[in-house]
Each structure stands twice: as C-alpha cells, then as structure tokens.
Amino acid sequence: MTLAEARKRHAHLAGEIRRHDRAYYLLAKPVIGDAEYDRQHRELADLEALFPELATPDSPTQRVGGAPMEGFAPVTHRVPMMSLDNTYSSEEVREFAARVQKALPETRLAWTIEPKIDGVAVSLRYERGVFVLGATRGDGAKGDDITANLRTIRNLPLRLVAPHAASDLFGGDGMGIPGVLELRGEVYMPNATFRRLNEERTGAGEEAFVNPRNATAGSLKQLDPKVTAGRRLSVVVYGLGEVVGAEPPATQSALLPWLQSFGLPVPERLWTARSTEEILEAIAALDAARKHFGYETDGAVIKLDPIALRNQLGVTAKAPRWAVAYKYAPEQAETRLRAITIQVGRTGALTPVAELEPVFVSGSTVGRATLHNEDEIRRKDIRVGDTVVVEKAGEVIPAVVRVVPEKRPADTRQFLFPRHCPECNTPVARENTADGEGVVWRCGNPDCPARIRGRLEHWCSRGAMDIEGGGEALVAQLVGAGLVRDVADLYRLKPEELMGLERMGEKSARNFLDGIDASRGRDLWRLLFGLGILHVGAGVAKALARAFPSLDELADATVDRLVLVGDIGEAIARSVESWFREPDNRRLIERLRAAGLTFTSSTFRPEDAVAAGPLAGKTVVLTGTLPTLTREQATALVERAGGKVGSGVSKKTHCVVAGADAGSKLAKAQSLGITVIDEAGLLGLVGDGA
Ligand code: IVH
C-alpha cells in the first residue's frame with residue numbers, strides 16, 4: 001500500500017469511527033456492533049503502525065496512546081476559571097435575583113437554570129477544531145495540563161464537527177468552526193461506572209472510592225493515561241473561555257445548542273425563567289428530574305441568560321456576579337453509632353466499620369457504614385456513642401458525614417485504632433492509601449485466619465468461581481475446623497469431613513461438593529479473578545483471559561508483554577508478574593492443575609493476543625564480559641524478549657551468551673552441547689539488530 005492509499009483509507013476509517021463515537025456517546029444510538037467498531041479501530045491502528053505520520057493528535061487511536069508522564073505541566077488560563085457562590089435556600093436565591101435586578105434597573109431579566117454536575121471543572125481548548133489542550137482549574141489562574149488524560153474520555157470529541165454535520169452525522173468539512181474555541185465544563189463519573197469501578201477495586205484488593213467526584217479527581221490525577229482510560233469518565237461543557245474567529249450566541253440558552261452543533265456534550269436539560277418565582281420552580285423541577293440522570297448533581301446553576309448583561313455586572317474576586325449555585329440538601333439521617341468494628345480483608349487491610357442503629361435514608365435501611373480508614377475517624381472525631389449524620393454517596397455506599405457534637409454523651413472517648421490485627425494479633429504496618437491522602441493499616445501475616453477466610457470467600461463468590469454455599473458462615477467453619485487453608489484444599493474435601501460440621505446435613509454437603517466440582521470447568525478469567533492477585537479485578541481478569549490462551553502462558557509473561565494487553569497498565573502488569581514469580585503461588589497453581597481446574601482460556605481471542613517475545617519461556621545464561629552491553633542491559637534485553645536469565649547452565653538452558661574471559665559456564669555449555677553465542681548473536685536473537 002502506498003502512503004496516498006493509506007492516507008485515504010485512514011481518513012475514511014477515522015471518519016467512520018468519529019461518526020460511531022457520536023452515535024454512541026452523544027445520541028446513545030449505536031449503528032454498528034462492538035465487534036465491527038473494534039475491527040475498524042484495529043485496522044486504523046495497523047495503518048498507523050505502518051505509516052506513523054498518519055497518527056495525528058486527533059486520530060481516534062490517540063485516546064489511549066499517551067505514554068506515562070513525569071508530572072503535569074502548568075497551564076495559565078487565558079480567561080480565569082471562576083467558581084460560583086453558593087445559596088442554600090429560596091431566600092438566598094431571592095436575594096441574589098434582587099441584587100442583580102438592582103444592578104440592572106429597568107431590565108426585564110431572563111435566566112437559565114442548569115444542573116450543577118458534581119465532578120471536576122476543566123478547560124478544553126480546540127484550535128481549528130482539534131482538541132489541543134485540557135487543564136484543571138487549579139487556583140483559577142493556573143491549572144495542570146491534563147490533555148492526555150482528557151483524550152481518553154470517549155464522549156469528548158478529539159475534533160469538532162462542522163455544525164451541519166453534527167445532526168446528520170456524516171462527514172464534515174470544518175466549515176463554521178471557530179479558530180480557537182475554549183470551553184469550560186465538568187468531567188464526571190456516571191453512577192453506574194462508579195459502582196462498577198468500586199466493585200472492581202474491592203474485588204482487586206484495592207480501596208473503594210468514597211464518591212464519584214473523588215473517583216473522577218483521582219482518575220484525572222493519574223500520570224498514566226491508560227489508567228484514566230479504564231475509568232470511563234464523561235464530560236459535559238456549559239460555558240466558554242477564549243473564542244477567536246467566531247461570534248458566539250448572545251445568550252446561554254442559545255449557547256448550549258450551538259456547542260452541541262459542534263458535537264460537544266452539553267447538560268441534558270436547561271430551564272429558562274423570567275422571574276424569581278420561575279427560577280424557584282425550575283429549581284424544584286430540576287430536583288425531581290435529576291434523580292433519573294445517572295450521574296451526581298449537587299445543585300442548580302442559575303445564570304443570567306443574556307451574555308451582554310453579564311459583562312455589565314462583572315465579577316468578584318472568586319465568582320461572577322451574574323450566576324449563583326443553589327445547592328440541594330443531600331438526603332441525610334441522624335442515628336446513633338453503636339460500635340466501631342474492624343474488618344480484616346483478604347489483603348490484610350483493616351477497615352473500620354460503623355455499626356449503626358438502623359435508619360432509613362434515600363430509599364433503604366442503613367445499619368452499617370464504612371469509615372474508610374483511621375484518618376477519616378480522626379478528622380471527623382467520630383466516637384462510639386455519638387449521634388452521627390449518614391448519607392449515601394453516589395447513591396450506594398452509606399457514609400458517616402459528621403457527628404452531631406451537641407448530642408455527644410459525656411463519657412465518650414477518642415477511638416483508638418488497633419495497632420495489632422484484631423484477628424491474629426500480628427502488629428499491623430502502615431501504608432499510604434492509593435490517593436496518598438490517608439493511611440491504611442495492614443496485617444502482614446499471610447496465615448491470618450481472617451485473610452485465609454477472605455481469600456476463600458472471594459474464590460467462592462458469585463463474581464469469581466461461583467461456588468454455591470461457600471459464603472462467610474461455611475468458610476469460617478471449614479477454616480476453624482482446620483479442613484481448608486487455601487483454595488486448592490477445597491478440591492480434596494470429602495463428604496464425611498463436611499458432615500462433621502455443625503448444621504451441615506447430607507444434602508447441603510452434597511450441594512457444596514457439587515458446586516466445587518462444577519467450578520473445575522469455569523472460565524479461566526474466573527479462576528484468575530478468584531486468585532485475588534492485587535489489582536486484578538474481574539475486568540482485568542477478562543482482558544488477560546482474552547489475550548492469553550492459557551494460564552501457563554500468562555504465568556510466564558513478563559511485564560513488557562503484559563502491558564501490551566489493552567487496559568493493562570504498568571502497576572497491574574507488575575503485580576501479575578510478581579504474583580506468578582512467588583514460589584508459594586506457583587505451588588498453589590500446580591495443586592489446582594492437579595485438581596483438574598481449567599487452565600485453557602475459552603475466551604481467548606487471537607486478535608487480542610500479545611505475541612510472546614522470541615525468547616518466551618526460554619532461559620539464557622550470561623557469562624564473561626560483553627563488548628558493549630553491561631550485564632544489566634543484557635538481562636533487560638533477554639527479559640524484554642520474554643526470556644529469563646539463569647544463573648547456572650543445565651540441559652534446560654536455551655543458550656549461553658559468552659563474552660571475554662568466560663569461564664566454567666562456557667565449558668559446561670560446550671560439554672552439554674548447548675548453543676553458545678556472542679553479543680551480536682544475542683542482539684539478533686532478541687530482534688534488536690540496531
Ligand atoms: S458555570 C464562571 N455551570 O460548579 C462560572 N458550573 O461551584 C463557572 N459546575 O467551577 C461555572 N456544573 O466546576 C457552571 N452547569 C454548570 C456547572 C458548573 C457544575 C461546577 C464547576 C464550577 C463549580 C462552581
């Protein structure tokens with residue numbers, strides 16, 4: 001294929017993918033299936049591998065193409081990013097409207113009311129229709145350059161479409177797009193994504209995020225855009241920064257459809273009002289509507305509709321005078337904190353749990369709430385016996401918001417976080433939380449009964465091996481009776497052993513054993529997830545099982561090979577590699593193999609396979625001094641090619657790389673008839689002829 005042909009095909013594919021992105025993310029009306037969409041993406045990536053000059057910044061392949069960064073570069077905002085003053089009552093809204101009317105006497109005011117999306121404010125800059133720069137607000141004058149992370153957001157167009165094309169979805173010639181269009185908007189995490197992410201995180205032995213906003217902020221702060229890409233964030237734009245080469249609409253109510261005509265996502269509803277009473281009605285209407293939005297909104301933003309009037313009002317130090325936020329009170333309830341218990345998870349993390357007098361809030365009864373970690377308890381000074389305010393974060397996880405100090409009984413004491421594992425009494429060690437803002441205490445004893453139980457429960461859980469009956473109660477009995485210590489032991493359980501347990505009849509014993517038996521045939525990803533490898537949640541496990549034909553191939557994969565799997569970043573790859581390098585884990589794998597579990601992947605897809613390096617599964621021995629490579633460099637080359645460097649020569653050695661002054665290893669290789677090569681031979685072998 002010539003470059004010209006490739007260019008033509010590339011333009012066609014890129015146009016198709018953009019069209020499908022808009023159909024999917026903006027209109028929620030996909031016109032092709034995932035498989036065809038993936039195929040187009042792959043073809044595009046293949047073309048760019050052959051012709052790298054086609055990989056322009058607005059190519060659909062560039063969403064996750066970014067390499068990890070060292071840090072974020074500062075960005076000075078051309079137009080300062082302001083915040084909003086808050087109001088909390090109708091009274092305050094009336095005062096605001098009256099203030100504006102006073103400043104603009106004899107003007108019939110018009111207002112817009114939009115949802116206030118609870119996420120992270122961003123500035124997005126498009127030059128000649130191409131997304132070139134995205135930044136956080138920072139202090140309002142200067143923020144962080146998070147362009148690479150923002151690119152991963154699927155509903156953020158990397159290139160604007162010409163206004164007439166956004167509606168019919170076909171083509172676009174760039175006409176009518178401003179030379180510079182800087183936008184203000186909010187990045188957020190939809191509630192469903194938030195729930196899935198937290199399930200995935202707890203399944204992978206990681207901490208859950210407190211709410212969707214924290215999850216969004218944490219995701220945008222990632223130095224590796226691949227991690228951000230996996231978080232499935234969304235964006236919405238509601239305002240303008242710098243604009244050059246176009247006359248934007250004169251009102252907010254016309255601005256949003258104008259932005260939408262470029263293919264940009266805008267707030268899903270907008271109300272207009274011509275009086276204070278109408279503003280209050282819109283606030284109430286939005287409050288009813290937002291329950292169905294699928295993402296968190298914490299208020300309404302009331303803006304003066306005509307932009308020209310805004311300029312007459314101006315701004316204060318931090319916020320405009322022409323707009324205000326009305327914050328909805330989150331649904332909260334008061335209840336008494338009966339006790340703080342400590343849960344020890346399978347990773348050894350100690351999680352404090354609030355045991356509450358049951359109380360009804362946001363549609364369900366809450367009896368327990370997570371207190372996250374020690375700092376959280378200290379920061380909020382939560383004490384047993386306190387009356388606390390609880391609410392649901394992201395509509396699911398109940399949280400303790402604060403204590404009610406007036407209702408504190410006289411005899412309460414500060415909660416002392418245990419310094420020993422409540423389960424096995426091992427001293428606990430402190431570790432920083434993933435967001436770096438708190439500490440987790442961990443029990444480092446791998447034989448801690450709580451950790452053993454946690455691993456077994458995880459293995460049996462519905463999302464993993466799905467072994468019916470293998471819940472908390474039975475697992476505790478099995479471990480307590482000394483019948484089971486790890487997951488491989490499950491496969492040797494005998495009916496009579498089970499029957500000896502309390503409340504275990506013949507039928508339940510049979511059912512449990514049948515469940516265990518059935519688990520031998522489960523998909524490989526379930527087994528992988530069930531192993532409880534740090535950072536390997538169900539989603540990661542599925543990606544691995546698609547990319548590797550068998551557990552054995554995965555077990556031998558190096559970090560360099562693992563990171564080639566889509567959605568797998570370096571932290572995950574390292575965790576997987578080091579798990580399989582652990583001799584105890586290897587022994588466990590062998591016992592599972594002997595127990596007849598399925599090690600081949602039925603979900604393997606050759607198109608997702610990541611090629612093994614030329615030295616995959618092979619051991620190379622280095623001896624003597626090489627002419628140009630240091631020992632570390634040579635080792636790195638071998639490992640990058642999928643091989644291992646061995647210390648001694650044996651029949652299993654693939655080859656020996658010999659340099660100057662090679663000694664006994666060379667002699668041994670010769671006596672065993674093992675291939676001996678020099679540095680040039682090694683470079684050829686690893687495909688690095690340079
Ligand atoms: S307008 C100069 N509209 O709320 C006025 N802000 O508390 C800029 N927000 O910094 C803000 N949804 O991060 C505006 N529809 C919306 C919004 C919105 C969410 C956020 C934004 C802003 C913060 C102010």
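What the table below lists for this structure:
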| item | result |
| --- | --- |
| As computed over the chain, the Cα convex hull volume per residue (Å³) | 207 Å³ |
| Sites A285 and Q332 - FRET efficiency at Förster radius 25 Å, r taken between beta-carbons, to 0.05 | 0.65 |
| Between the range 519-572 and the range 318-338, the Cα center-to-center distance that results, in Å | 43 Å |
| Value at 222 nm in deg cm²/dmol, rounded to 500, when DSSP H runs of n ≥ 4 in the chain each add -39,500 (n - 2.57) | -10000 deg cm²/dmol |
| Segment E70-R402, extension gain: residue separation times 0.36 nm, minus the distance between their alpha carbons | 115.8 nm |
| Residues K494 and H420, FRET efficiency given R0 of 51 Å [Cβ-Cβ distance, rounded to 0.05] | 0.90 |
| K644 long-range amide H proximity, modeled H, under 5 Å | K618, T619, V620 |
| Segments 382-392, 492-502 sorted - mean Cβ within 10 Å per residue, highest first | 382-392, 492-502 |
| Contact order normalised by residue count of the range 556-635, Cα under 8 Å, 6+ apart, percent | 35 percent |
| P(r) histogram, all alpha-carbon pairs of the range 219-258 included - 10 Å bins from 0, percent | 23, 32, 22, 23 |
| Convex hull volume per residue for the range 404-469, taking Cα atoms only, in Å³ | 198 Å³ |
| Relative contact order (percent, whole number), the chain, Cα cutoff 8 Å, 6+ residue spacing | 10 percent |
| The range 420-573 - Rg and Dmax from Cα coordinates, angstrom | 17.7, 51 |
| Estimated inter-spin distance, T635 and E43, nm [label 7 Å along Cα→Cβ] | 4.6 nm |
| Long-range amide H partners of V132 with built H, under 5 Å | R125, Y126, E127 |
| Compactness relative to 2.2 N^0.38 Å, alpha carbon Rg of the range 433-512 | 1.29 |
| Square roots of five times the Cα gyration tensor eigenvalues for the range 330-412, Å | 19, 17, 11 |
| Residue-by-residue Karplus 3J(HN,Hα) for the range 677-685, coefficients 6.51, -1.76, 1.60, Hz, glycine and proline x | 10, 9, 4, 4, x, 4, 4, x, 4 |
| Mean Cβ neighbour count within 10 Å, used as a protection proxy, ranking 249-259, 2-12 highest first | 249-259, 2-12 |
| Burial order of peptide ranges 563-571, 121-129, 298-306, 628-636 (average beta-carbon count within 10 Å, highest first) | 298-306, 121-129, 563-571, 628-636 |
| Relative counts (whole %) of C-alpha pair distances in the range 56-142, using bins that are 5 Å wide | 3, 9, 13, 16, 15, 14, 10, 8, 5, 6, 2, 0 |
| Rule-of-thumb Rg ratio for the range 511-615 [Cα; 2.2 N^0.38 Å; N residues] | 1.04 |
| Estimated distance in nm for a label pair at K29 and A410, the labels positioned 7 Å out from Cα along Cα-to-Cβ | 7.1 nm |
| Hull-based mean projected area of the range 1-151, where the convex hull spans the alpha carbons, in square nanometres | 14.1 nm² |
| A611/D447 FRET efficiency (R0 51 Å; Cβ-Cβ; nearest 0.05) | 0.80 |
| Cysteines not pairable in the chain (beta carbon separation under 4.7 Å absent) | C460, C655 |
| The range 1-139: relative contact order in percent, alpha carbon pairs under 8 Å with at least 6 residues between | 16 percent |
| Label-point gap, in nm, between T628 and R581 - each point 7 angstrom along Cα→Cβ | 2.8 nm |
| Estimated D of the range 621-690 in µm² per second, where Rh is the Kirkwood radius over Cα pairs and Stokes-Einstein applies at 25 °C, 0.890 mPa s | 205 µm²/s |
| Pairs beyond 28 Å (Cα-Cα), from K142/K380; K542/K652; K327/K380 | K142/K380; K542/K652 |
| Translational diffusion coefficient (Stokes-Einstein; Kirkwood radius from C-alpha pairs) of the range 202-276 at 25 °C, 0.890 mPa s, in µm²/s | 156 µm²/s |
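No lab work stands behind these numbers, since they all come straight from the coordinates. Keep in mind it's a predicted model, so treat the numbers as computed, not measured. Here Cβ is always computed from backbone atoms with ideal geometry, including for glycine, and neighbour counts include all displayed protein chains.
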